[in-house]
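Participant: Pasting in a structure now, in structure tokens, and then I'll have a few things to ask.
Only the coordinates and a few stated rules stand behind these numbers; no lab work does. Note that the coordinates shown come from a computational prediction; the quantities given were computed from them, not determined experimentally. Every residue, glycine as well, gets a Cβ built from its backbone with ideal geometry; the counts of neighbours run over all protein chains shown.
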Amino acid sequence: MPTYGVALERWANELSRRDLDELVEWSGADRAGPDRIRLRCLGQDYEIDHRDGRVWTASGQPVEETLAIMLLLYLTEADGRPLQDRWVAFEQLPGGAGYSSAFRRPVLGSLLRTFGPRPEALFEAAAGLDGSSIDMGDAAVVLAALPRVPVAIVLWGGDEEFAPSVSVAFDASIEGYLDTEAVTALAHFASRGLIEAAETGRAGATPTTRD
């Protein structure tokens with residue numbers, strides 16, 4: 001069984017062993033029926049079967065395994081802690097330095113190539129990913145990436161002395177919801193959604209399904 005399949009089975013089994021009401025309460029998700037959970041991620045609604053961990057989009061399409069794993073992990077790891085209203089950088093997360101290469105170029109580099117020359121495009125791209133503007137940098141948005149996981153994207157346009165730059169920050173409470181590997185995956189999905197929205201002109205075009 002592929003590595004992703006093993007992980008998917010592991011978290012699906014863990015989900016089924018957990019109390020459904022506690023999962024919903026601690027994660028900020030909703031009940032979608034006797035055995036289903038509705039979870040919103042980056043502007044899209046997903047439904048998860050509590051019995052076997054299967055994950056669908058709201059329209060009934062299956063999702064890619066990496067996204068399914070991240071959603072299952074969020075549900076099972078959520079401890080309900082409140083927001084701390086303190087932003088932390090990826091490198092400040094436990095083990096963040098070990099995932100730096102998987103974060104900097106694919107996430108930060110891609111965001112900078114797309115939005116560095118036109119920071120204003122970030123606002124429209126974020127709209128469909130449950131994003132709103134915040135007063136940071138030259139252009140910044142905060143995405144309601146998961147019910148209790150806000151993610152901030154901050155751009156600096158640069159000038160004669162400094163090149164454009166971008167940062168991605170997380171509320172310090174994120175340690176109670178996702179491990180650092182899953183945070184990396186979430187950042188990948190957020191950047192992909194923003195970039196695709198900017199390139200296609202469709203706000204919040206989050207890639208979620210598989211064939």
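Participant: Taking the Cα centre as origin and putting +1 on Lys and Arg beta-carbons and -1 on Asp and Glu beta-carbons, what dipole magnitude results for the chain, to the nearest 20 debye?
Facilitator: Magnitude of the dipole: close to 360 debye.
Participant: Which net charge results for the neighbourhood of Ser133, defined as the other residues with beta-carbon distances under 12 angstrom from its beta-carbon, given Lys and Arg at +1 and Asp and Glu at -1? Walk me through the intermediate numbers first.
Facilitator: Numbers: positive: none; negative: Glu120, Glu124, Asp135, Asp138.
Combined, the nearby Lys, Arg, Asp and Glu give -4.
Participant: What three numbers, in Å, describe the spread of the alpha carbons of segment 1-78 along their principal axes, ordered from the longest?
Facilitator: 32, 26, 20
Participant: Go ahead and run the numbers for FRET between Asp45 and Ser100, Cβ-Cβ distance against an R0 of 30 Å, rounding to 0.05. Mind showing how you got there, number by number?
Facilitator: Working: r = 32 Å, r/R0 = 1.07.
The calculated FRET efficiency here is 0.40.
Participant: Want the number for Ser16 to Phe123: 0.36 nm per residue separation, take away the alpha-carbon distance, what's left? Walk me through the intermediate numbers first.
Facilitator: Values: separation 107, 0.36 × 107 = 38.52 nm, distance 3.85 nm.
Answer, rounded to one decimal: 34.7 nm.
Participant: Given a Förster distance of 22 angstrom, what is the FRET efficiency for Glu9 paired with Asp35, based on the Cβ-Cβ distance and rounded to 0.05?
Facilitator: Details: r = 18 Å, r/R0 = 0.83.
Computed FRET efficiency for Glu9 and Asp35: 0.75.
Participant: While we're here: Direction-averaged shadow area of the convex hull around the Cα atoms of segment 87-200, nm²? Could the numbers behind the result be given before it?
Facilitator: Numbers: hull surface 26.7 nm².
If you wrap the Cα atoms of segment 87-200 in a convex hull and average its projections, you get 6.7 nm².
Participant: Which FRET efficiency value, to the nearest 0.05, do you get for Glu91 and Thr57 by plugging their Cβ-Cβ distance into 1/(1 + (r/R0)^6) with R0 = 22 Å? Provide the component values of the computation, followed by the final result.
Facilitator: Details: r = 33 Å, r/R0 = 1.49.
The calculated FRET efficiency here is 0.10.
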